[in-house]
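A.B. asks: My questions all concern the structure below.
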Amino acid sequence: MTPDLAPEPAFDRETLTAWLAEHGVAHTTHDHPAVFRVEEGLDLKADLPGAHTKNLFLKDHKGRLWLISARQDTVIDLKRAAAAMGAGRLSFGNEALMWETLGVRPGSVTALGLINDVERRVTFVLDRRLWDADIVNFHLWTPPSAQE
């Protein structure tokens, strides 16, 4: 169920895929069920080339929002990450806030959701190992109707 307070996002899976094609962004889509922990998706990703991601949607004590995208095998210490980013104490952002800013739900968090953050409320943090990778696998989120 979509949180009642936020409108539908400008981009969903279908419109984002169309946007990527219209703008000549090469991509390949592999469908799989939503996963909530990296370990749940290891078998799904084993045969796919490139770096696979983990994505953390976070909020600090001042209300600032963060999205960290890192290689799936990266250990993220939230205390150290907060200090490195100049953030306060970090906690996970709730589903309503995730939907409101990124247009995604838990299990489908992705850097591609930043296309819906038209107010630029979310600060994006990208792991250097993803930046250096030739191929990076980000999630295209599942449409809300398929999750209900």
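A.B. asks: So between residue 96 and residue 27, what do we pick up on full extension, going 0.36 nm a residue minus the alpha carbon distance?
C.D. replies: Taking 0.36 nm per residue and subtracting the Cα distance, the gain is 22.0 nm.
A.B. asks: Write down the accessible area per residue of segment 69-148 in Å², having rolled a 1.4 Å probe over the full set of protein chains.
C.D. replies: For segment 69-148, the per-residue accessible area is 58 Å².
A.B. asks: Which whole-Hz couplings ³J(HN,Hα) result when phi for each residue of segment 82-92 is put into the Karplus expression 6.51 cos²θ - 1.76 cosθ + 1.60, θ = phi - 60°, listed in order with x for Gly and Pro?
C.D. replies: 4, 5, 5, 8, x, 9, x, 4, 9, 9, 6
A.B. asks: Here is a further query. Can you give me the % of accessible surface on segment 44-89 that is carbon or sulfur? Probe 1.4 Å, all protein chains present, nothing else counted.
C.D. replies: Here it works out to 51 percent.
A.B. asks: Now, a different point. Points 7 angstrom from Cα along the Cβ direction at residue 8 and residue 133: gap in nanometres?
C.D. replies: The answer from the label model is 3.1 nm.
A.B. asks: Can you give the charge dipole size of segment 77-120 about its Cα centre, rounded to the nearest 20 debye, using +1 on the beta carbon of Lys and Arg and -1 on the beta carbon of Asp and Glu?
C.D. replies: Dipole magnitude for segment 77-120 comes out near 220 debye.
The values are calculated or read from the model by the stated rules, or taken from the named source; none is laboratory data. Model, not experiment: these values are computed from the prediction. Cβ: placed from backbone, ideal geometry, glycine included. Neighbour counts: every protein chain shown. SASA here: full protein model, heavy atoms, side chains in, ligands and nucleic acids out. Shrake-Rupley method; radii C 1.70, N 1.55, O 1.52, S 1.80 Å.
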